[in-house]
Ligand SMILES: Cc1ncc(COP(=O)(O)O)c(C=O)c1O
């Protein structure tokens with residue numbers, strides 16, 4: 001995690017809301033990944049902000065799409081470093097360098113990084129932090145240690161973190177030390193074997209992605225819990241998959257301008273599920289082009 005002062009918030013979404021509120025005003029535009037995390041796409045308009053979609057591929061936000069959004073006036077950019085929800089994208093070294101160069105041309109943009117994949121992915125963090133004056137990197141413990149802990153840590157530049165902590169003091173005050181101590185204990189006692197978790201999710205994702213490829217279908221899932229499958233008709237796909245015994249999330253929840261898809265969560269799949277789930281998924285899509293989602 002990059003160096004900086006720290007704050008503790010009640011989860012990633014709470015942290016992101018506090019960082020956005022520290023710098024932005026209603027009506028401001030915020031560049032977000034498309035497809036992206038549904039709760040974030042709901043939060044942006046709930047704060048009176050305007051979401052500007054940025055297309056991505058397996059390496060994260062596309063540099064030219066990011067640059068366009070920032071040139072068009074987005075005041076903030078929110079990027080998921082790893083285990084992007086719903087596509088599994090993860091910033092590679094080259095993409096991170098390209099995005100840092102884009103951000104260097106827009107130093108007044110507020111950069112918010114979401115590293116919720118920490119502890120469940122084996123790809124290194126390639127932070128963009130520091131490319132702009134104001135930034136924050138948020139790390140929820142939800143995925144690695146449990147969503148009910150309701151805790152995230154964030155770091156950032158001094159002004160941003162001071163504002164977040166000052167405003168937090170006027171509301172909930174702080175995140176309960178009972179919870180903070182519980183998380184500290186989990187960290188110190190090595191309760192989660194990150195490599196084992198990443199390996200298990202990786203095997204399940206790769207098995208399904210490989211089985212789909214054998215059936216002529218290119219889906220996405222470089223890291224994390226999810227596979228993103230482009231389909232021509234989301235509603236029909238969800239209904240037909242449910243009939244076959246598979247629950248997937250309709251892509252509409254995660255999309256602004258990007259084309260339809262469904263999200264499959266692999267966390268509970270067993271090796272015996274691979275063939276049947278790939279057959280079911282193959283029945284709701286045709287061959288689709290690899291690469292970009294837009
Ligand atoms: C992209 C992303 N970030 C963060 C989180 C965790 O959020 P929180 O800590 O608010 O529960 C999730 C959970 O689904 C997520 O998908």
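Just so it is clear, none of the values below were taken in a lab; they were calculated from the coordinates. Model, not experiment: these values are computed from the prediction.
Shape class of segment 50-153 from the alpha-carbon gyration tensor: prolate, with a/c at 1.5 or above and a/b greater than b/c. Take every pair of alpha-carbon atoms less than 8 Å apart whose residues are at least six positions apart; their mean separation over the length of segment 131-257 yields a relative contact order of 13 percent. Rounded to the nearest 10 degrees, the angle from helix 177-188 to the longest Cα principal axis of the chain is 60 degrees. Once the Kirkwood radius over Cα pairs is known for segment 97-191, the Stokes-Einstein relation at 4 °C and 1.567 mPa s delivers a diffusion coefficient of 87 µm²/s.
Once each part is reduced to its C-alpha centroid, what is the distance from segment 20-73 to segment 244-280 in angstrom? Spelled out, the Cα-based centre of one part sits 25 Å from the other. Helix 158-169 and the longest principal axis of the Cα set of the chain meet at an angle near 90°. The angle between the Cα long axis of helix 234-243 and the main principal axis of the chain comes to about 60°, on a 0 to 90 degree scale. With the largest listed first and rounded to whole Å, the semi-axes of the equivalent ellipsoid of the chain from the Cα gyration tensor are 32, 23, 17. Tell me whether segment 166-235 comes out rounded, prolate or oblate; compute the Cα gyration tensor, take square roots of the eigenvalues as a ≥ b ≥ c, and use a/c under 1.5 as the rounded threshold. Verdict is oblate for segment 166-235. Where both partners of a DSSP beta bridge lie in the chain, what percent of those bridges are antiparallel, to the nearest 5? So the antiparallel bridges amount to about 50 percent of the total. Here segment 194-282 was treated as a single set of alpha-carbon atoms; its pair distances binned every 10 Å from 0 give 18, 52, 26, 3 percent. For segment 1-98, the relative contact order comes to 28 percent (Cα pairs under 8 Å, sequence separation of at least 6). Tell me the Kirkwood radius of segment 1-104: reciprocal of the mean inverse pair distance over distinct alpha-carbon atoms, in Å. Its Kirkwood hydrodynamic radius stands at 14.2 Å. For segment 6-188, the relative contact order works out to 24 percent when only alpha carbon pairs closer than 8 Å and six or more residues apart are counted.
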